[in-house]
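K.L.:
I'd like to ask some things about the structure below.
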Amino acid sequence: MYKFILTVFSVAFLLVACQQDQKTGESTTQTVAATVSTIKTMDGLPPIYENYEELATIFEQRNDTTYVINFWSTWCAPCVKELPYFEALNRKYEAEKVKVILVSLDFPKQLETKLKPFLAENKLQSEVLVLTDPDANSWVDKVNPKWSGAIPATVVYKGETNKFYEKSFENLEELEEIITPFL
Amino acid sequence: MKKVINLSVLLIAVIGLFVAATNIDTNGIEVGDTAPDFALKNIDGKTISLDSYKDAKGYIVVFTCNTCPYAVMYEQRLIELHDKYAAKGYPVIAINPNDPEVKPGDSFDKMKERAADKKFPFAYLFDDGQKVYPAYGATRTPHIYLLDAKKTVQYIGALDNNAQDASAVTTKFVEDAIAALDAGKKPETTFTKAIGCSIKTKKS
């Protein structure tokens, strides 16, 4: 009985702690991960977002970092081809408050069989997240109204300034060109 | 001096018009526009156009291909769509917009193979020279344009709201739009977005 009460108390405490987290209004992805339970974790894979609303915080950071967010997938040949340029960008501008986030749109059924081995082999240094929300019509416009839904697609933003590209990049220089105005 | 200013204003206006005109071109057609007809080679060697379908009440024009996983996920559903609606006057007309030099899996020969393997009941046309997809403004595969009997665009977008799992679909955009047209109404949803593969072209 004593143990039961203890459990109830600790659960209650955790709940309160979570709520407080929410109240501070910090919109980092980690806070969301702590308060909402639908972000899945799987061994050897980055966090898996089943609901776009939870991922949306990566577009809502209002600080002096320039975010370069690329939508890709292991099944998308032009996406895979341009990944090294994003990796190079991430390395080269590490000290200049540039953050590259690679959002994988790989299918839930292929996370284990395709994405996991791909990540293990390529050892991506940029942050990788997975978005599996199937109702794309409900969220494509929220990423950017100009986006038709074709990938690769890339968003660059800092504060309220936002640029969108539905195209492939051919080299690091092309990427540097689009982020330079933000620096 | 005033003349110079007047001239430059005129020049700017002309340039502006030019830019506007080219924009319309590259953006393709919108809901309410009349869809351009085409004459493209089908996998059986025959040339097909919208006008080939006499008595059509509408046209389900789908830009799709062999190689895009999203296109593949929708293959079976396109077959079922055609089987269900062609007899009612709404045939599926599939068009492969990809440049096979960039995507060899989307060559005309590979299209024939794929259509034979999957027993496509609909026309599967090759956008040879890539003139048709820009006229429509298609950007991805699959990308659907539902036209009414007068070739007016009534719906642009995805087939339904779940590409990955047909059994988890809760809204069938195209079927709902056809039902509206059949009832003499305007579709409620006329435009949707979906993830898909970019259309493959050589870099200009």
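K.L.:
Do you know the relative contact order of segment A:35-182, to the nearest whole percent, from alpha carbon pairs under 8 angstrom that are 6+ apart?
P.N.:
32 percent.
K.L.:
Within 10 Å of each Cβ in peptide B:164-174, how many partner chain Cβ atoms are there on average? Round it to a whole number, please. Kindly include the intermediate steps, with their values, before the conclusion.
P.N.:
Values: counts 7, 4, 0, 0, 2, 2, 1, 2, 0, 1, 0.
Per residue, the average neighbour count from other chains is 2.
K.L.:
Hey, got the average number of other protein chain Cβ atoms within 10 angstrom for residues in A:141-151? Write down the numbers at each step before the final one.
P.N.:
Working: counts 2, 0, 1, 0, 1, 0, 3, 11, 13, 14, 6.
Counting other chains' Cβ atoms within 10 Å and averaging over A:141-151 gives 5.
K.L.:
Can you list residues from other chains, or at least 5 along the same chain, whose modelled amide H is less than 5 Å from the amide H of B:GLY196?
P.N.:
A:ALA150, A:ILE151
K.L.:
Restricting everything to alpha-carbon atoms, can you work out Rg to Rh for segment B:27-198 with a Kirkwood hydrodynamic radius? If you can, show how the numbers build up before the last one.
P.N.:
Working: Rg = 14.6 Å, Rh = 15.8 Å.
My calculation of the ratio gives 0.92.
K.L.:
So what does the Cα-only Debye profile of segment A:63-183 read at q = 0.16, 0.20, 0.21 Å⁻¹, as log10 I(q)/I(0), no solvent term?
P.N.:
-0.76, -1.18, -1.29
K.L.:
If amide hydrogens are placed 1.01 Å from N in the peptide plane, which non-local residues have theirs closer than 5 Å to the one on B:ILE93?
P.N.:
B:ILE60, B:VAL61, B:VAL62
K.L.:
Ok, one more. Taking θ = phi - 60°, what integer Hz values does the Karplus form 6.51 cos²θ - 1.76 cosθ + 1.60 yield along segment A:55-68, in sequence order, with x for Gly and Pro?
P.N.:
6, 3, 4, 5, 9, 10, 6, 10, 8, 9, 8, 8, 9, 10
K.L.:
Helix by helix, which DSSP H runs in chain B go 30 Å or more along their axis at the Cα atoms and have an average Kyte-Doolittle hydropathy of 0.5 or more? Show your work: numbers first, answer last.
P.N.:
Working: long enough: B:2-27 (37 Å, 1.30).
Helices passing the filter in chain B: B:2-27.
K.L.:
May I pose another question? Could you pull out every residue, at least 5 positions away or on a different chain, whose amide H is within less than 5 Å of the one on B:ASN161? Hs are placed 1.01 Å off N in the peptide plane, and Pro or chain starts have none.
P.N.:
Residues meeting the criterion, in which the H sits 1.01 Å from N, are B:THR170, B:THR171, B:PHE173.
K.L.:
Of the options A:LEU55, A:TRP72, A:PRO181, report the single residue whose Cα projects farthest towards the positive end of the charge dipole of segment A:35-182 (beta-carbon charges: Lys, Arg +1; Asp, Glu -1).
P.N.:
After comparing all options, I get A:TRP72.
K.L.:
Under 8 Å for C-alpha pairs, at least 6 residues apart: give me the relative contact order for chain B, rounded to a whole percent.
P.N.:
The value is 26 percent.
Only the coordinates and a few stated rules stand behind these numbers; no lab work does. Note that the coordinates shown come from a computational prediction; the quantities given were computed from them, not determined experimentally. Note that each Cβ is placed from the backbone with ideal geometry, even for glycine, and that neighbours are counted across all protein chains shown.
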